[in-house]
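**Q** The structure under discussion is supplied below as structure tokens; questions concerning it will follow.
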Amino acid sequence: MHTSIIPVVLAASWLVAGCGASFPPPTANLAQAQSATRSAIELGADRQPNAQLHVALSRELMSQATIAMNSGDNERADGLINRAKSDAELAIALMRDSTAKTGAANATEQSNKQQIVNINQGAAQ
């Protein structure tokens with residue numbers, strides 16, 4: 001009885017090892033990272049000092065991920081792509097923050113100018 005279990009256990013272990021060994025190419029993840037990078041660039045992140053580094057890192061990581069995918073290391077590629085996507089999303093967030101700060105500064109300046117005009121008009125009466 002003991003000898004009849006060994007082939008079954010060996011066959012099952014090969015089956016389990018075969019299922020866990022393959023990692024599908026992360027093409028959908030790569031497309032999402034590329035899209036996030038394009039969005040960051042469209043927002044001007046490649047021209048804004050705080051966000052520029054993250055766009056460059058995203059591009060570099062996607063390049064490394066493509067090389068890893070071409071060599072069959074899909075698991076490493078997936079990790080690189082996730083980092084690339086995070087860098088692109090950070091660049092987007094930095095651009096939105098910069099835009100909001102600029103808008104707030106402009107609104108404050110405009111409000112201050114209007115108050116000065118109102119004060120001058122009140123003094124002239």
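**Q** Quick check on P26: is it at negative phi, buried (at least 18 other Cβ atoms within 10 Å of the Cβ) and either in contact with a Leu (Cβ under 7 Å, 6 or more places away or on another chain) or not charged (D, E, K, R) (or both)?
**A** It is true that P26 is at negative phi, buried (at least 18 other Cβ atoms within 10 Å of the Cβ) and either in contact with a Leu (Cβ under 7 Å, 6 or more places away or on another chain) or not charged (D, E, K, R) (or both).
**Q** Scan segment 46-101 for residues that are on the phi > 0 side of the Ramachandran plot and in a helix (DSSP H, G or I) and report the count. Lay out the reasoning, then the answer.
**A** At the first step, the residues of segment 46-101 found to be on the phi > 0 side of the Ramachandran plot are 72.
Retained after the next criterion (residues that are in a helix (DSSP H, G or I)): none.
Count: 0.
**Q** Does segment 73-95 include one or more residues that are loosely packed, with under 12 Cβ neighbours inside 10 Å, free of Cβ contacts under 8 Å to residues at least 60 places away in the same chain and more than 30 Å from P24 (Cβ to Cβ)?
**A** Within segment 73-95, none of the residues are loosely packed, with under 12 Cβ neighbours inside 10 Å, free of Cβ contacts under 8 Å to residues at least 60 places away in the same chain and more than 30 Å from P24 (Cβ to Cβ).
**Q** Restricting to segment 49-71, give me the number of residues that are more than 17 Å from A93 (Cα to Cα) and of a type in the set (A, V, I, L, M).
**A** Qualifying residue count, segment 49-71: 6.
**Q** Among (1) touching a Pro at 6+ places or on another chain (Cβ under 9 Å); (2) under 13 Å from A91 (Cα atoms), there is one condition N74 misses while meeting the rest; what is its number?
**A** The single condition N74 does not satisfy is (2).
No value in this document is a laboratory result; all are computed from the given coordinates. Just so it is clear, the model here is predicted, and its values are computed rather than measured. Heads up, the Cβs are rebuilt from the backbone with ideal geometry, glycines too, and the neighbour counts pull from every protein chain shown.
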